[in-house]
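Visitor: My questions will all concern the structure given below.
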Amino acid sequence: MPDADMDLALPAVFFGAVGTAGQRCTSTRRLYLHRSIADEFLTKLQKLYSSVRVGDPLAAGTLLGPLHTSKALSTYGAAIDHLRSTGADILMGGERYLDSPLDKGNFVQPTVAIPKSVNTADKIWRTETFAPVLNVGIFDELEQAIEWNNNVPQGLSSSLWTRDIRNVGKWIGPAGSDAGIVNVNVGTSGAEIGAAFGGNKSTGWGRESGGDAWKQYVRWSACTINFSDAAPLAQGVDFSLDA
């Protein structure tokens, strides 16, 4: 949103989209920017992308490692081909690394693309690529961004960046994000250890960890204990003689 703290949002979006080569279930796939701050945000984001350290993921300081299989490499290539064929503006990336020794592995350039439109029926918006491809949409009203967020099959992790409590209420309320994880000023990638982790829709239902984890280890009992000298009856029925 226009009032978001960019110093917080930029590194969170950057890490969420590029970290683990975009292969986390909570990786940031879609970025919706308010029109008034889109150009500034994307300019700063591209500077961060230019600083990516690529290589051995076990080495300290490496953010971007390889894709895990050659099939994943093909999936990345197919997504880039689709973006180009539909006239998307590819701001960063869109190629394999061709410098030795990276050309001997499944290393791909982290990509930022602005498709021609946000058509959530298009596979580029509704398919999980599991690669470092970030698709950007520009919106004018929060309700529009929420509709785009919800109008895809996936529903695991989502995040809103704002300092306006009215936006927060809308985002986390019944008319807000329908994902299982609904964050505010926290990136999509990863999870709060004290919160239950899980998604909705085609992501799969159910939760693990957090406050819900103990439920699978217990047998439920509903207990009512009366310490009074009277027998309380439902609906306040009274059978006393002087009633």
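The values are calculated or read from the model by the stated rules, or taken from the named source; none is laboratory data. No experiment lies behind these values; they were computed from the predicted model shown. We place every Cβ from the backbone using ideal geometry, glycine too, and count neighbours over all the protein chains shown.
Visitor: Restricting to the range 120-146, name every residue that is surrounded by fewer than 15 Cβ atoms within 10 Å (Cβ to Cβ) and either among the polar types (S, T, N, Q) or in a helix (DSSP H, G or I) (or both).
Guide: Within the range 120-146, the subset surrounded by fewer than 15 Cβ atoms within 10 Å (Cβ to Cβ) is 121, 123, 140-141, 143.
The answer is LYS123, GLU143.
Visitor: Still on this structure: How many residues does the range 96-108 hold that are more than 12 Å from LEU73 (Cβ to Cβ) and modelled with pLDDT of 95 or more?
Guide: Number of matching residues: 0.
Visitor: Would you confirm, using the coordinates I've provided, whether THR62 is among the hydroxyl-bearing types (Ser, Thr, Tyr) and assigned to a helix (DSSP H, G or I)? Outline the logic, then answer.
Guide: Working: among the hydroxyl-bearing types (Ser, Thr, Tyr): yes; assigned to a helix (DSSP H, G or I): no.
Answer is no for this residue.
Visitor: Looking at GLY199, GLY194, GLY155, GLY190, which one is touching a helix residue (DSSP H, G or I) at 6+ places or on another chain (Cβ under 7 Å), part of a loop (DSSP other than H, G, I, E, B) and surrounded by 13 or more Cβ atoms within 10 Å (Cβ to Cβ)? Spell out the reasoning first.
Guide: On the way: GLY199 fails: touching a helix residue (DSSP H, G or I) at 6+ places or on another chain (Cβ under 7 Å); GLY194 fails: surrounded by 13 or more Cβ atoms within 10 Å (Cβ to Cβ); GLY190 fails: touching a helix residue (DSSP H, G or I) at 6+ places or on another chain (Cβ under 7 Å).
It is GLY155.
Visitor: Could you give me the residue pairs with C-beta distances under 7 Å whose first residue belongs to the range 160-180 and is on the phi < 0 side of the Ramachandran plot, whose second residue is charged (D, E, K, R) and not in a helix (DSSP H, G or I) wherever it lies, and which are 6+ apart or on separate chains?
Guide: Listed by first residue and then by second, the contacts come to THR162/ASP3; ARG163/ASP3; ARG163/ASP5; ASP164/ASP3.
Visitor: Search the range 86-109 for residues being over 19 Å from ASP122 (Cβ atoms) and in contact (Cβ under 8 Å) with a residue 24 or more places away in the chain, and hand back the single one that is surrounded by the most Cβ atoms within 10 Å (Cβ to Cβ).
Guide: Quick first cut of the range 86-109, residues over 19 Å from ASP122 (Cβ atoms) only: 92-93, 95-109.
In the following step, the residues that additionally are in contact (Cβ under 8 Å) with a residue 24 or more places away in the chain were identified as 92-93, 97, 102, 105-108.
Values: MET92: 18, GLY93: 21, TYR97: 19, LEU102: 17, GLY105: 16, ASN106: 20, PHE107: 20, VAL108: 26.
Per the stated criteria, the residue is VAL108.
Visitor: Could I ask something else about it? Kindly indicate the residue of the range 45-55 that is crowded, with 16+ Cβ neighbours inside 10 Å and out of contact with any strand residue (DSSP E or B) (no Cβ under 6 Å at 6 or more places or on another chain) and also nearest to SER177 (Cα to Cα) among those meeting that condition.
Guide: Kept after step one, since they are crowded, with 16+ Cβ neighbours inside 10 Å, are these residues of the range 45-55: 45, 48-49, 52, 54-55.
Adding the requirement that they be out of contact with any strand residue (DSSP E or B) (no Cβ under 6 Å at 6 or more places or on another chain) leaves 45, 48, 55.
Values: LEU45: 24, LEU48: 28, GLY55: 35 Å.
The residue in question is LEU45.
Visitor: Is it the case that some residue within the range 203-224 is assigned to a loop (DSSP other than H, G, I, E, B), surrounded by 14 or more Cβ atoms within 10 Å (Cβ to Cβ), in contact (Cβ under 8 Å) with a residue 12 or more places away in the chain and not acidic (Asp, Glu)?
Guide: To start, the set of residues in the range 203-224 that are assigned to a loop (DSSP other than H, G, I, E, B) comprises 204-207, 209, 218-224.
If we keep only those that are surrounded by 14 or more Cβ atoms within 10 Å (Cβ to Cβ) too, we end up with 207, 209.
Imposing the further condition that a residue be in contact (Cβ under 8 Å) with a residue 12 or more places away in the chain reduces the set to 207, 209.
Remaining after also requiring not acidic (Asp, Glu): 207, 209.
Yes, because at least one residue in the range 203-224 is assigned to a loop (DSSP other than H, G, I, E, B), surrounded by 14 or more Cβ atoms within 10 Å (Cβ to Cβ), in contact (Cβ under 8 Å) with a residue 12 or more places away in the chain and not acidic (Asp, Glu).
Visitor: Would you point out the residue of the range 78-107, among those that are out of contact with any strand residue (DSSP E or B) (no Cβ under 8 Å at 6 or more places or on another chain) and part of a helix (DSSP H, G or I), that is farthest from PRO57 (Cα to Cα)? Show your work before the answer.
Guide: From the range 78-107, those out of contact with any strand residue (DSSP E or B) (no Cβ under 8 Å at 6 or more places or on another chain) are 78, 81-82, 85-87, 98-101, 104-106; that's our starting set.
Next, only the ones that are part of a helix (DSSP H, G or I) stay: 78, 81-82, 85, 104.
Working: ALA78: 24, ASP81: 27, HIS82: 28, SER85: 32, LYS104: 15 Å.
Per the criteria, the residue is SER85.
Visitor: What are the residue pairs meeting all of these: first residue in the range 56-71, first residue surrounded by 13 or more Cβ atoms within 10 Å (Cβ to Cβ), second residue of a type in the set (D, E, K, R) and in a loop (DSSP other than H, G, I, E, B), Cβ atoms under 8 Å, and 6 or more apart or on different chains?
Guide: Short answer, once both residue conditions are applied: THR62/ARG53; THR62/ASP56; LEU63/ARG53; LEU64/ARG53; GLY65/ASP56.
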